[in-house]
Amino acid sequence: MSGREPTLDPADWEEFRGLARRMVDDMIDHLSSLPEQPAWQPPPERLRDSFSEPAPVEGVGEERVYRAFLQDILPYPNGNLHPRFYGWVQGNGTPLGMMADMLAAGMNPHMAGFNQAPALVEEEVLRWMVELMGFPAGAGGLLTGGGSVANMIGLAVARNDRAGFDVRAEGLQGGGPRLTLYASSETHGWVFKAAELLGLGRGACRPVPVGGDYRMDLAALAAMVAEDRTQGWRPICVVGNAGTVNTGATDDLAGIARFCRDEGLWFHVDGAYGALARWHPELRPIVAGLDEADSVAFDLHKWVYLPFTVACLLVRDDRTLGDSFASKAHYLATMERGVSAGGMRFADKSIELTREFKALKVWMNLKAYGVGAFAELIRRNVEQARYLAELVDREPALERLAPVPLNIVCFRYRSGGEGQDDRWNRVNEEVLLRLQESGAAVPSSTNLGGRFAIRCCFVNHRTRMADVERLVEAVVATGEAVAAELGARRASAAGN
Ligand SMILES: *Cc1c(COP(=O)(O)O)cnc(C)c1O
């Protein structure tokens, strides 16, 4: 045999070590200089060409591909790590989380289960989550890719547990009663995707109206459930929100819990980011009743600041999760000893078989900094939202468009008192785009009762109070400029 047999390990490990060290150095430079970088910059047109090559048959080598990353990819993210990014609900990641992901990928264990230390790490992390969310002994769960998946798995368990027949065996094609579920009209879009994928159909997902505080109207919920029962339908589940995407509203979770107990319904909470309010004693009352849910889904890659992706589903009775997904296959047989001892215990609770070692970044960050540090950052984000609301209320050129119960602020520029919502909608959309395109800040938007709102969500451990002040100044200055331009354009159009 002559020469080296092919492998993807480097031919020269020392040379690779040099490249790997540069990668770490470059990323640390990138992270430590974030505040001096623009919050976002549009990818230049030339990038389209860089990314339209045919599949590479011959390799260019590690060095060149890394240079392409530095030049064409690293400078053009969507901005979510930046201290002045307030858009949607996007996490930022921690430097330790970045390194933990590298360690996890380097170790690359198969997280279906198995007799291995990484599985013990995930189990320990899940026990911490049970404890921190106030769930009882016997509760359990799973780490997932995101809140959408965690919510969907929770809804699958709810469906299987409350359908009244064996959904796993019979599916929904046996002519049984129509199964319905209830969620406020402010609920995130995952609920429709999940209802569709679970075979319930989006029509089964009944939107419950909200009050002026954007919280579910419980009297309307009760009336809808009663009405649906008279139709011969079978209500199975109510989804409560801990922190809605639009305004940060939290439903009356204790009230929904009581209603579900009385009606024999499964109570699931979408706590994607809001459930984390429970980690700080001052904020805990906002999500009172969360610990009474049958299941709760929340992200660790939003308000626990960890790198994408990692979320968690907890169920009150861990067995219901296994009952929904466990399957027996000969090639996955469990032995008393050896590598397969302990079984495929995560795969048996999930739609996924091969899973990555997401638990490591959770475990390392919580152990390194302590839950208290995360709770304090969460509280500070709420303080930043309250501060922004205060500055908006004090500034005559700005108008707040919704209450601020948690960490989201919706407002708009509106100065002079003249003009219909149409005009202010155009002005504020332009203000938003200019803020983003100038790299000054990245809020996102929503529409509240026909009004275009600039929407800021605080889930960033890098944001400072001074950033909040700069944001207000930028919105006012940009608003003045845009309103004057649009006014002038209108005047000249009228003059023609
Ligand atoms: C982000 C979010 C989701 C979806 O979670 P992903 O991690 O993006 O899949 C669901 N509900 C709410 C309230 C959210 O903020």
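Taking the range 67-103 as the range and being in contact with a Lys or Arg (Cβ under 6 Å, 6 or more places away or on another chain) and among the small types (Gly, Ala, Ser) as the test, the residues that pass are Gly91, Gly97, Ala100.
Which residues, counting only those in the range 340-367, are in a helix (DSSP H, G or I) and over 23 Å from the mean Cα position of the chain (by Cα)? Correct list: Asp348 only.
Out of curiosity, is Leu200 buried (at least 17 other Cβ atoms within 10 Å of the Cβ), under 21 Å from Glu263 (Cα atoms), more than 14 Å from the ligand (Cβ to nearest atom) and in contact (Cβ under 8 Å) with a residue 12 or more places away in the chain? Please lay out each step first, then the result.
On the way: buried (at least 17 other Cβ atoms within 10 Å of the Cβ): yes; under 21 Å from Glu263 (Cα atoms): yes; more than 14 Å from the ligand (Cβ to nearest atom): yes; in contact (Cβ under 8 Å) with a residue 12 or more places away in the chain: yes.
In short, yes.
Identify, please: which residue in the range 268-283 is under 20 Å from the mean Cα position of the chain (by Cα) and more than 12 Å from the ligand (Cβ to nearest atom) and is, among those, surrounded by the most Cβ atoms within 10 Å (Cβ to Cβ)? Out of the qualifying residues, it is Ala277. Residues of the range 130-152 that are within 14 Å of the ligand (Cβ to nearest atom) and touching a Gly at 6+ places or on another chain (Cβ under 9 Å): Gly147, Ser148, Ala150.
In the set (1) under 22 Å from Gly264 (Cα atoms); (2) in a strand (DSSP E or B), Gly154 fails one condition alone, (2). Among the criteria (1) more than 16 Å from the ligand (Cβ to nearest atom); (2) in contact with a strand residue (DSSP E or B) (Cβ under 8 Å, 6 or more places away or on another chain); (3) under 15 Å from Gly141 (Cα atoms); (4) not polar (S, T, N, Q), the one Ala293 does not fulfil is (1).
Selection over the range 191-215 of residues that are under 21 Å from the mean Cα position of the chain (by Cα) and closer than 25 Å to Leu401 by Cα gives a count of 2.
Take Val191 and tell me if it is more than 13 Å from the ligand (Cβ to nearest atom), of a type in the set (Val, Ile, Thr) and either out of contact with any Asp or Glu (no Cβ under 8 Å at 6 or more places or on another chain) or in contact (Cβ under 8 Å) with a residue 12 or more places away in the chain (or both).
no
Put simply, of Arg162, Arg178 the only residue that is more than 16 Å from the ligand (Cβ to nearest atom), over 20 Å from Leu321 (Cα atoms) and touching a Phe, Trp or Tyr at 6+ places or on another chain (Cβ under 6 Å) is Arg178.
Values in this text are rule-based calculations from the coordinates and carry no lab data. These numbers come from a predicted model, not from an experiment. Glycine also receives a Cβ, built like all others from the backbone with ideal geometry; neighbour counts cover every protein chain displayed.
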